[in-house]
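Following: one structure in structure tokens, then a few remarks.
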Amino acid sequence: QVQLVESGGGLVQPGGSLRLSCAASRIMFNIYDMGWYRQAPGKQRELVAAISRDGSVNYEDSVKGRFTISRDNAKNTVYLQMNSLKPEDTAGYYCNMKGLVTWGSPLLTYWGQGTQVTISS
């Protein structure tokens, strides 16, 4: 069984920065895609940023130029550097990994438990 452990959320003022981290609880054979989603109260969960194994990235339009996703394949970890934070970035942030635990195991998607990010003065 694989768990994703997130850290780095918190309360910051508008214009501030936060760095989220998400690590798999065990080394996996292969992780294809990693991503960060967010969900604000009363809204659907949305993709914020994603990164493939070869490093290709994509971002939700509202975070382009402010957020940067990166990954460390050796550590099975994904990061989200968030700069110039705005009140509308307030949400629960969830990491996501799609991969194989071992050779021959099924391709599964794993989710973190979520970390709260609050932007307020």
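A short reminder: the numbers here are calculations on the coordinates, not readings from a lab. Since the structure is predicted, the reported quantities are computational estimates derived from the model, not experimental observations. A quick note on method: Cβ atoms are made from the backbone with ideal geometry, for glycine too, and the neighbour counts reach across all protein chains shown.
Points to keep in mind about this one:
- Long-range Cα-Cα pairs in the chain (distance over 21 Å), rounded percent: 34 percent
- Relative contact order (%) - the chain, alpha-carbon pairs under 8 angstrom, separation at least six: 36 percent
- Size of charge dipole - the chain - debye, nearest 20, with Cβ of Lys, Arg +1 and Asp, Glu -1, no other charges: 140 debye
- A cut-off under 12 angstrom between Cβ atoms defines the neighbours of ASP33, and their net charge, with Lys, Arg +1 and Asp, Glu -1, is +2.
- Reachable lysines from LYS43, criterion Cα separation under 23 angstrom, eight or more residues apart if same chain: LYS64, LYS86
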